[in-house]
1. In what order, largest first, do Arg8, Arg404, Arg264 sit by accessible area if the probe radius is 1.4 Å?
2. Would you work out which of Leu207, Pro191, Thr177 lies farthest towards the positive end of the dipole of the range 112-267? Charges go on Cβ: Lys and Arg +1, Asp and Glu -1.
3. Report in % the part of the accessible area of the chain that belongs to carbon and sulfur, leaving out ligands and nucleic acids; probe 1.4 Å.
4. Select from the range 285-351 those trypsin sites (Lys or Arg not before Pro) which occupy a DSSP coil region and have at most 14 other Cβ atoms within 10 Å, ordered by residue number.
5. If you count only protein heavy atoms and use a 1.4 Å probe, how large is the accessible surface of Val12, to the nearest 10 Å²?
6. Where the only charges are on Cβ atoms (+1 Lys, Arg; -1 Asp, Glu), what is the dipole of the chain about its Cα centre, to the nearest 20 debye?
7. Taking a cut-off of 34 Å, what percent of all Cα-Cα pairs in the chain are separated by more than that?
8. Would you be so kind as to identify which of Ala97, Leu359, Val381 lies farthest towards the positive end of the dipole of the chain, taking Lys and Arg as +1 and Asp and Glu as -1 on Cβ and the Cα centre as origin?
Amino acid sequence: MRKPQSLRAQLVARLTLPLIAVVVLDAAVSYFVALHYADRAYDSWLLDSAKSLAQEVKTQKDKVTFDLPPIAVEVFRWDAMDKTFFKVESAEAGFIAGDRALPSPALAAMAADAPLFSDGEIQGRKVRIVSVLTASAGGDSGDVLVSVAETLNKRRGMMNEILLAVVAPQLLLLLVTGLHIWVGINRGLSPLRDLATLIGQRSARELDPIPDTNVPLEVRSLTHTINALLQRLGAALAAQQRFIENAAHQLRTPLAGLKVHAERALAADSPDAMKPALSHIKHSADRVAHLSSQLLVLAGSESVSQGSRPFQALDLAALAKACCMDWVYKALEQEIELGFDAPRIPVSIKGDETLLRELLNNLLDNSICYSNPGGRINVTVLADPPGWVVKDDGPGIRPEEAERIFERFYRIPGSRGEGCGLGLAIVKEIADLHAAQIKVGPGVGGNGTGISVLFGRQTRAG
Ligand SMILES: Nc1ncnc2c1ncn2[C@@H]1O[C@H](COP(=O)(O)OP(=O)(O)OP(=O)(O)O)[C@@H](O)[C@H]1O
Ligand SMILES: [Mg+2]
């Protein structure tokens, strides 16, 4: 089974992950933009230094000279954080002054008045270099290249400061927003928690509707569904309660009879005097046995309706024939003619054989029980739609009774026999289970009762 996912975790993830992505992207963009402008400012200072050095390049008698007093060189090189290097060179004279090791671009690659910035390494340290080309003042001794470089400590310090300045507020923003989201989600989910507590505190008997006056709109549909379920549960429980009361009531009469006649039998002096009481005891025992078997069939059909037994393919004609054979003897006893009519081809449906046999048995039991001696019963198997029709020429059922006879424990007042009023309720339950329709109509020759069970289109797979 899949582990249930937490709604809170899903909401937190869906809200905070995009937020984190946006914040990280924003911080990265801000960082690189700030870094770019800081780099440009340092580059511009470096260029100013190169240009001020270029001012010192002089030409005397066609010879390029660079005479910067040592104290000026020291001032030039002084920097609290970085080390500064420079190099003056020309095509004709080669290296003129400064740090020979400073890497510089090829003179041919340089354009006049266009400084060239590059990254390089000197004495194992990374440096930023700017090179400017300057025409030697007052002579034809060619262009002079002045390069100035400095180590990257200031720039790195600036990088760290920018990083801190950009990331710290973003982190704070993320923290505050995340906290807000967490509190918001918890508050948003609290009606669900309250609902769970409310339902959890109820006993199995408390089926009155859950109040939904202070419930948000989204949760209201849930409370409505639960209330509808509670209503159905209440109706089912009430029906079950009625059923138990009826069953107990039905059992009480034959059991009381059993007790009275057993006492009479015990009080009798001779076996012959006991006989009438024993016959009553047998009669009462038969009633109890009949009632309990009807109750068992009803319980059995309910268990199938809850999906404990799958449907199987079966032939309605063969099933009806087998049932009729079982009732032939009883019909003969009552001098009733039992007719059977079925198409030559099998009539297949999917269903529960045991229950369908019970259905037909109850219809045949009624027809035989309520018909008069010398009567006639016809069982017909229909092919299209598949079904059974059981007709008799007995007393018939008045239209106003036609609905009530399917209720549990209902018997038409004055009915003969010792039935308990469950037979047709069982028929209805089993028919419903097979999505079959029941119709009550006239019987043989327009007299008596005809009950048809039409299976039609079936939806439940076997
Ligand atoms: N074929 C019939 N002809 C006349 N009346 C019938 C017929 N079938 C059913 N009834 C009437 O419908 C009532 C309900 O029938 P149902 O089979 O549910 O109960 P029952 O026969 O009284 O008891 P049970 O079948 O549980 O022993 C019966 O009491 C009877 O009055
Ligand atoms: Mg019956």
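1. Details: Arg8 75, Arg404 105, Arg264 140 Å².
Ranked list, largest accessible area first: Arg264, Arg404, Arg8.
2. Result: Leu207.
3. On the way: 16270 of 27870 Å².
Roughly 58 percent, rounded to a whole number.
4. Working: sites: Arg287, Lys321, Lys330, Arg344, Lys350; in loops: Arg344.
Those satisfying the criteria are Arg344.
5. 40
6. That gives the chain a dipole magnitude of about 1020 debye.
7. Numbers: 70787 of 106491 pairs.
I get 66 percent for the Cα pairs in the chain exceeding 34 Å.
8. With unit charges placed on the Cβ atoms, the residue in question is Leu359.
The values are calculated or read from the model by the stated rules, or taken from the named source; none is laboratory data. In this text, all values refer to a predicted model and were calculated from it rather than measured experimentally. A quick note on method: Cβ atoms are made from the backbone with ideal geometry, for glycine too, and the neighbour counts reach across all protein chains shown. Surface accessibility is based on the protein's heavy atoms, side chains included, excluding ligands, DNA and RNA. Shrake-Rupley method; radii C 1.70, N 1.55, O 1.52, S 1.80 Å.
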